[in-house]
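Here is the structure we will look at.
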Amino acid sequence: MDRIIITGGTPLHGEIPIGGAKNAALPLMAAALLSDKPLVLDNLPGVADIHAMGNLLAELGAKVDFDAVARRVTIDAGAADETTAPYDIVRKMRASVLVLGPLLARFGKARVSLPGGCAIGTRPVDLHLSALEKMGAVIELEGGYINAHVDGPLKGAHIIFPSVTVGGTENLMMAAALADGETVLANAAREPEVTDLAHCLNAMGADVAGIGTDTLRIQGVRMLSAAAHSIVPDRIETGTYAIAAAITGGDVLLTGAQLATNEAVFGVLSRAGVEVSEDQGGVRVARKNGRIRGVDLMTEPYPGFPTDMQAQFMALMSLAEGASMITESIFENRFMHVPELVRMGADINVHGASAIVRGVHGLSGAPVMATDLRASVSLVLAALAAKGETEINRVYHLDRGYERIEEKLAACGANIRRASGSA
Ligand code: UD1
């Protein structure tokens, strides 16, 4: 297993290219199952989860052609005939459950392994399932699998999500695209990745209205056609590298990044004393004067502060002047990075869903490891600012969601390298 070794203390200067959003690409790839004509996706991020989704679609009989140079995938599900998403793939990537809606809508049946728990909480899919039942699906849970079928097409329905779910909104939007009649999704997620999926579905011939609001109205159509779509920039990769610039006291241009879809993160960074400006072709992030100030925040569904940026922000706050209270309202167990940051010298106390971070003057390098993607990257950020060497193990978590992270950081002056094999 690879490790990443970082010697901290160098302010980052330069440019970091921001790729397409992993969390947009995954549902977009699943959407290809809705049609027997090809879907071309551009600005595809080169991360491990994308290849896992490609493998799953291939398993279902789709033709999946990756073009790494063009950063493109072409998915032709014309010959797809398999409707089972097996445990072995789903357990490695929860987003596999996004094939449930498309399979059910196009083939009238789907058998998808239950994703089960993960490091950041129990993460059930009950909201996906009860909403699909409202559309006429018959669902049974058996042997760790979701067995779903429907006689004839799914039926349009009025669905009110009791709480906001990104994946649930995406699964239901895809299912509704081919349903009989109109589906209304109320209290729908408004994340930019959900919006991106809606635009792509419309490019395929679907009829989704209310895009970007919490009420989506989907008029079902009989079939979808071929389309090409370019994936939105990754706002979490953007925020992560913005913090890399801030935590090291550097000045970095994030090329291809958007301010508009990142207002919550950039707003909090500005309050903390980080300079953020829209620049030619991207967003410039710099910290020139003095220490970062402690700022409180709570994670919330979009347009609130994203839970996927909570760990990275905590790394920054661990070096702030003053204290910061960080409250996690989306996942019940998303503080696994805390003990590792504490091992690097941070002063953090967790009380239920909140963490009190008292800023310290410096962190020191240590061997660390994390159990999920964003927790791992928070340790990379802490290491960039820490004194001495940090060795981060279980790098496969980082590779799931960050493309060539060590190259992008090294290009801005970071002392970072990848070593193969565990210590
Ligand atoms: C997506 C993102 C993930 C992000 C999360 C919240 C992808 C591939 N992943 O995950 O990176 O952290 O949104 O922004 O896009 N819930 C239920 N029942 C359900 C569905 C969800 O109780 O049926 C709960 C979850 O356990 C969680 C909360 O609702 O506590 C939000 O989850 P959800 O928005 O569905 O997250 P994902 O789509 O899994």
Overall dimensions of the chain by Cα: Rg and Dmax, Å: 21.4, 65
Rounded percent of accessible protein surface that carbon and sulfur make up, the range 21-144, 1.4 Å probe: 50
Angle in degrees between helix 166-177 and the longest Cα principal axis of the chain, rounded to the nearest 10: 30
Per residue accessible area of the chain, 1.4 Å probe, in Å²: 37
Degrees between helix 22-31 axis and first principal axis of the chain (Cα, 0 to 90, nearest 10): 10
D (Stokes-Einstein, µm²/s), Kirkwood Cα radius, the range 233-299, 1.306 mPa s at 10 °C: 135
For residue 190, distant residues with modelled amide H under 5 Å away: 302
Apportionment of accessible area to carbon and sulfur, the range 276-316, percent (1.4 Å): 44
Cα centroid separation - the range 251-313 against the range 357-423, whole Å: 19
Most mobile listed residue (213, 83, 240) in the chain, GNM with C-alpha springs under 10 Å: 213
Within the chain, longest stretch free of exposed trypsin sites (Lys or Arg not before Pro) [DSSP loop, at most 11 other beta carbons within 10 Å]: 1-221
Sum of side-chain charges, residue 245 neighbourhood, beta-carbon under 10 Å (Lys, Arg +1; Asp, Glu -1): 0
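For the range 54-103, report the translational diffusion coefficient in µm²/s to the nearest whole number, using Stokes-Einstein at 37 °C, 0.692 mPa s, and a Kirkwood Rh over Cα pairs.
Values: Rh = 11.5 Å.
The diffusion coefficient I find is 285 µm²/s.
To check you understand DSSP bridge types, tell me what percent of the beta bridges within the chain (both residues inside) are antiparallel, rounded to 5.
Antiparallel bridges: around 70 percent, rounded to the nearest 5.
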Rg over Rh [alpha-carbon atoms, Kirkwood Rh] for the range 150-217: 0.94
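Counting only Cα atoms, I'd like the Rg/Rh figure for the range 1-148, Kirkwood definition for Rh.
In the range 1-148, Rg relative to Rh is 1.05.
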By average C-beta atoms within 10 angstrom, highest first, the peptides 315-322, 5-12: 315-322, 5-12
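Of 63/92; 92/387; 22/288, which ones are farther than 28 Å apart at the Cα?
92/387; 22/288
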Equivalent ellipsoid dimensions for the range 186-330 as semi-axes, Å, which come from the Cα gyration tensor, largest first: 34, 18, 10
In Å, descending, principal axis extents of the Cα set of the range 102-248: 58, 36, 27
More than 20 Å apart - percent of Cα-Cα pairs taken over the range 192-274: 48
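Do the sum for the chain: with -39,500 (n - 2.57) for every DSSP H run of n ≥ 4, divided by all residues, what is the mean residue ellipticity at 222 nm, to the nearest 500 deg cm²/dmol?
Only helices count here, giving -8500 deg cm²/dmol.
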Per-selection Kirkwood Rh - the range 322-423 (Cα, Å, 1 d.p.): 14.4
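The values are calculated or read from the model by the stated rules, or taken from the named source; none is laboratory data. Keep in mind it's a predicted model, so treat the numbers as computed, not measured. Here Cβ is always computed from backbone atoms with ideal geometry, including for glycine, and neighbour counts include all displayed protein chains. Just the protein is used for accessible areas: all its heavy atoms, side chains included, with ligands, DNA and RNA removed. Shrake-Rupley method; radii C 1.70, N 1.55, O 1.52, S 1.80 Å.
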